[in-house]
Amino acid sequence: MYLQRRNRILRTNPAIRSLVAETILTPNDFIVPLFVIEGENIKEEISSMSNYFRMSIDKTVKEVKELWNMGLKCVLLFIKCKDEYKDNKGTEALNPDGLMQRAIRAIKDACPEMVIMTDIALDPFSSYGHDGIVENNEIINDATVEVLAQMSVSHAQAGADFVAPSDMMDGRVAAIRKALEENNFIKTGIMAYSAKYASCFYGPFRDALDSAPGFGDKKTYQMDPANRVEAIKEALMDMEEGADIIMVKPAMAYLDIIREVKDISDVPVSAYHVSGEYAMIKAAAKMGWLNEEKAVIESLTSIKRAGADLIATYFAKDAVKLIG
């Protein structure tokens, strides 16, 4: 009697394992989130995100140049709006000389080839900390969508390559596509947060931008973590409305959703390895409970294996060094 198949042969040593690996990470897989703040020569660590920083525009430009030299080709910009500029209309979001618009222009001037994606949502600009305009403690959909479309055009005018609506308002992708087309921004892409769940894993991000909701929660517009079919419906609708890339957020607790969305998608699928997922790995590694480097690579590999074509991750620089 002999074994006809010895599967372990393909696991014999690192060289063989690398030859038959089904999922391989490269720098082209990653989107780098960056947090921009007002001021000059500022680089301040985010307390709940060890070794990740808010940076002024000058420091952000320096960081972008370093990322490009490492082989990373895409950044996703978020801004921390001063409290005195916040209101219930998203007024500052439309300021052509606002922090986001200035950051886009500075990065494009310094590193023209870098792909710039920009966050499209009102929570950084909202006096209520919500992703939309508030009336009687309710987040109003259609009025918000109008502002998001104007915001997208403003970012395109500044030089953004992709706008990334993260708000989960109904119909916003179609409205943004229409506004971009009408203003002749026919080369500006849309990366839609199509299946964005009302997750507890966003906590550190809200610390980073001071964008936690001032009342209630975001469950009337972000998705219920219990739902799967709804994610497919949202993804299909966003593609129909003109999204160039669709996203699942968060990533690690939603690997099944990434796979299901990938299976029905005819556009690239991205996933956001969110701040809470980053913070958990950092905290466990600090306590000596796991090997950080191995955890980073295993986590990112699992996200790509699930079907993500692109991964927004705070570990992008670390990952490039590890796979280098």
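The values are calculated or read from the model by the stated rules, or taken from the named source; none is laboratory data. What you see is a predicted model, and the numbers here were worked out from it, not measured in a lab. Positions of Cβ are backbone-derived with ideal geometry, glycine not excepted, and every protein chain shown enters the neighbour counts. Just so you know, the surface numbers come from the protein's heavy atoms only, side chains and all, with ligands and any DNA or RNA stripped out. Shrake-Rupley method; radii C 1.70, N 1.55, O 1.52, S 1.80 Å.
Brief remarks follow.
- Computed in the context of the full set of protein chains, the accessible area of the chain at 1.4 Å probe radius has 50% of its extent on carbon or sulfur.
- Entry note, segment 231-324: relative contact order of 30 percent, from Cα contacts under 8 Å with a spacing of 6+ residues.
- Calculated accessible area for the chain comes out at 47 Å² per residue, all protein chains present (probe 1.4 Å; ligands, DNA, RNA ignored).
- Cross-link partners for residue 304 among the lysines, with Cα-Cα distance under 26 Å and sequence neighbours closer than 8 places in the same chain left out: 65, 73, 196, 233, 249, 262, 282, 286, 294, 317, 321.
- Taken over segment 253-296, the convex hull of the Cα atoms encloses 78 Å³ per residue.
- Stokes-Einstein D in µm²/s, Kirkwood radius over Cα pairs - segment 195-306 at 10 °C with 1.306 mPa s viscosity: 105 µm²/s
- In this structure the amide hydrogen of residue 274, modeled in the peptide plane, comes within under 5 Å of the amide hydrogens of 251, 252, none closer than 5 places in sequence on its chain.
- Looking at segment 92-151, the GluC sites (Glu not before Pro) that sit in a DSSP loop and have at most 15 other Cβ atoms within 10 Å of their own Cβ are 113.
- For segment 1-103, the relative contact order is 26 percent, taking Cα pairs closer than 8 Å that sit 6 or more residues apart in sequence and dividing their mean separation by the residue count.
- Using the Cβ-Cβ distance between residue 143 and residue 41 with R0 set to 45 Å, the FRET efficiency works out to roughly 0.70.
- Computed from backbone phi, the HN-Hα couplings of segment 147-154 come to 5, 4, 5, 5, 4, 5, 4, 4 Hz, rounded to whole numbers (Karplus: 6.51 cos²θ - 1.76 cosθ + 1.60, θ = phi - 60°; Gly and Pro given as x).
- A simple rule links phi to the HN-Hα coupling: the Karplus curve 6.51 cos²θ - 1.76 cosθ + 1.60 with θ = phi - 60°, which for segment 52-59 gives 10, 9, 8, 9, 5, 4, 4, 5 Hz, with x for Gly and Pro.
- In order through segment 101-118: 3J(HN,Hα) via Karplus (6.51 cos²θ - 1.76 cosθ + 1.60), integer Hz, x for Gly, Pro: 4, 5, 5, 4, 4, 5, 5, 5, 5, 7, 9, x, 7, 5, 6, 9, 10, 10
- In segment 1-103, the chymotrypsin sites (Phe, Trp or Tyr not before Pro) that fall in loop regions by DSSP, at most 10 other Cβ within 10 Å: 2
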